[in-house]
Structure formats: C-alpha cells, structure tokens
1. Please name all residue pairs, on different chains or six or more residues apart, with Cβ atoms under 7 Å, provided the first residue is in the range A:2-21 and is over 10 Å from A:Ile36 (Cβ atoms) and the second residue is among the aliphatic types (A, V, I, L, M).
2. Would you check which residues across the range B:4-38 are on the phi > 0 side of the Ramachandran plot and more than 8 Å from DNA strand C (Cβ to nearest atom) and list them?
3. Among A:Glu89, A:Glu77, A:Glu13, A:Glu49, which is among the acidic types (Asp, Glu) and under 24 Å from B:Ala2 (Cα atoms)?
4. Do the conditions hold for B:Met1, that is, is it away from DNA strand D (no atom under 16 Å from the Cβ), of a type in the set (A, V, I, L, M, F, W, C), closer than 29 Å to A:Ala72 by Cβ and within 14 Å of chain A (Cβ to nearest Cβ)?
5. Does B:Gln91 count as away from chain A (no Cβ under 12 Å) and either modelled with pLDDT of 95 or more or assigned to a helix (DSSP H, G or I) (or both)?
6. Can you tell me which of (1) surrounded by fewer than 20 Cβ atoms within 10 Å (Cβ to Cβ); (2) in a helix (DSSP H, G or I); (3) not small (Gly, Ala, Ser) is the one B:Asp64 doesn't meet?
7. For the range A:66-76, does any single residue satisfy the condition of being within 16 Å of DNA strand C (Cβ to nearest atom) and touching a Gly at 6+ places or on another chain (Cβ under 7 Å)?
8. Looking only at the range A:7-43, filter to residues that are of a type in the set (Gly, Ala, Ser) and in a helix (DSSP H, G or I); which one of those is most open to solvent (accessible area, probe 1.4 Å)?
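The values are calculated or read from the model by the stated rules, or taken from the named source; none is laboratory data. The model shown is predicted, which means the values in this text are computed figures rather than measured ones. Glycine gets a Cβ as well: all are built from the backbone with ideal geometry, and neighbour counts include every protein chain shown. Ligands, DNA and RNA are stripped out before the accessible areas are found, and what is left, the full protein with its side chains, is counted by its heavy atoms. Shrake-Rupley method; radii C 1.70, N 1.55, O 1.52, S 1.80 Å.
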Protein chains: 2
Amino acid sequence: MASFGKFIKAEREKKGWSQTEFGAKIKINTPAVSRIENDRKMLSISKIELLATLFELNYNTIKDLYFADKFAKEAYEYKCSEKVFSVAESQTNYLREINAKQGKIKF
Amino acid sequence: MASFGKFIKAEREKKGWSQTEFGAKIKINTPAVSRIENDRKMLSISKIELLATLFELNYNTIKDLYFADKFAKEAYEYKCSEKVFSVAESQTNYLREINAKQGKIKF
DNA sequence: GTAACTTTGCTAAAATTGGGTAAAATGAAA
DNA sequence: TTTCATTTTACCCAATTTTAGCAAAGTTAC
C-alpha cells in the first residue's frame, strides 16, 4: 500500500465510480475526495465503517490501513527511526495486558 | 517502557527533582507535569529536545519513545490489530524510498 | 472545442491540544 | 493528629489543527 489515499482511489476505480459519485455515497464533495486520494487530507475516521461497506471489505482491515497510513506519515515527517514501530507494538501489547488484568480484577 | 509519561517520571526521579522543579526547567507548571507523567496529556513535541538535554539522553531515542507512545495509545484506543505497525513500517520505508529517488532525480 | 472529471485556492466551523489557576487530595514526618 | 511538601483534579482557555465547503481553474478524452 503506497498510501491510504491511493488505496481509496484504486478501490473506487475498481467500482467504476468517479470521485463525484463516490463522494456522494460518503457525503463529501469532489474536491475533498481529490484531497483525500492525493493524501492532502485524511478522511474522517467516522466514515471508515461506511467506506468498508461500500468497498465490500473488512472493517477492521480498513481501519488498520487507515491508522497504519497515519502513523507512517507521522513517523516519516518526524524522521523516526525504524525502531519506533517495534517499541509502539510492545507498548500496545502491554496496554492490552494490563487492561485485561484490571478487567479481571474488577470482575 | 510502560508509557512515555512513566518514562519521564522515572528519569525525573533519577535526577532527584520534584515535579515543580522539573516543570520550572521545561517551563510548565506542576499540574501540567502531573498530567504528562500520568498520561493525561502529552508534552509538546517542541520540548523534546530540551527534555533530552535535561535527562542527558539521546534526542532521537527520546523522540522515538515519544512517537511510539503516541502511536501505541492510538492503536490501543481504536483497537487496531497487531499488524498495524508492520503495515506502517513498510509504508514508512516506502516513503523514504520514493523520496530518496525524487531527491536524486531533482539533483 | 466541449464535456466530464479532477485539482487548487481560499474559507470556516468544529475539534483537539497543551497549557494555566485554584483548590483538593495525598503522603511523610513530627 | 497536625503540618507541610508534593501531587492531582476540576474547570477553563487560547492557539492550532482538522476536515470539509464553494468557486474556479486545470486536465483529459473524444
């Protein structure tokens, strides 16, 4: 995946929709679609579920792609090292773990 | 690293500073330090360089830790799968690659 | 040239962010 | 128990960021 925007463009074209047609389905106008597809702006997270439905793809997969894109761009912008994601991953695992424990304790 | 906030607290305590003393050094007040250390708010990215200097640690390492924390929290909040970071990593690598190529072409 | 499609410049409202103050809460020592 | 140092919380705010809108310009294909 080059970017989330490029992914959206490819899926839209697979469906044979113009930017305007696609935009009408997700309730944004053509210029906004253009900016999203060209990575000038991000689509709102609130529309990801509708997007998955329109493209007939798994919601969680799309959501992952969305955040992966977001993180990648930020990591690139701030010149993070390649280690940043492994650190992030272990921390996310830790967060899941302690919150699972706390959930159990409360129960 | 449990979180960036906990990392800051540990380093501060190693130096024997109170939150108030530490806050004076980075020009934020005690309640703000408390929030940052307890992961209620993020420290501004603009202060990361000063932070590295105060803790006598490598700037790029601190910056990585900062973003790793940010990504981890977001990935956790939105229940991303464990794959999100590997996707992000390959995209970041791709971004570096195409921008290196473009740099060369322009040159 | 024309029509369909896409992009850009400028704007705006809403949301987010990182911090402040005042006061409450906590912890340790006497 | 009291006191004092330290930390946390409630409430607030200015600045910034964000996604989108409109109008118009630009591009592409026929």
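1. A:Phe7/A:Met1; A:Phe7/A:Leu65
2. From the range B:4-38, those on the phi > 0 side of the Ramachandran plot are B:16, B:27; that's our starting set.
B:Gly16, the sole residue that qualifies.
3. Values: A:Glu77 fails: under 24 Å from B:Ala2 (Cα atoms); A:Glu13 fails: under 24 Å from B:Ala2 (Cα atoms); A:Glu49 fails: under 24 Å from B:Ala2 (Cα atoms).
Going through A:Glu89, A:Glu77, A:Glu13, A:Glu49 in turn, just one is among the acidic types (Asp, Glu) and under 24 Å from B:Ala2 (Cα atoms): A:Glu89.
4. Details: away from DNA strand D (no atom under 16 Å from the Cβ): yes; of a type in the set (A, V, I, L, M, F, W, C): yes; closer than 29 Å to A:Ala72 by Cβ: yes; within 14 Å of chain A (Cβ to nearest Cβ): yes.
Against the criterion (away from DNA strand D (no atom under 16 Å from the Cβ), of a type in the set (A, V, I, L, M, F, W, C), closer than 29 Å to A:Ala72 by Cβ and within 14 Å of chain A (Cβ to nearest Cβ)), B:Met1 qualifies.
5. Numbers: away from chain A (no Cβ under 12 Å): no; either modelled with pLDDT of 95 or more or assigned to a helix (DSSP H, G or I) (or both): yes.
Spelling it out, it is not the case that B:Gln91 is away from chain A (no Cβ under 12 Å) and either modelled with pLDDT of 95 or more or assigned to a helix (DSSP H, G or I) (or both).
6. Of the numbered conditions (1) surrounded by fewer than 20 Cβ atoms within 10 Å (Cβ to Cβ); (2) in a helix (DSSP H, G or I); (3) not small (Gly, Ala, Ser), the odd one out for B:Asp64 is (1).
7. No, the range A:66-76 contains no residue that is within 16 Å of DNA strand C (Cβ to nearest atom) and touching a Gly at 6+ places or on another chain (Cβ under 7 Å).
8. Here is the first cut: in the range A:7-43, the ones of a type in the set (Gly, Ala, Ser) are A:10, A:16, A:18, A:23-24, A:32, A:34.
Among the residues that remain, those that are also in a helix (DSSP H, G or I) are: A:10, A:23-24, A:32, A:34.
On the way: A:Ala10: 46, A:Gly23: 0, A:Ala24: 72, A:Ala32: 25, A:Ser34: 42 Å².
Selected residue: A:Ala24.
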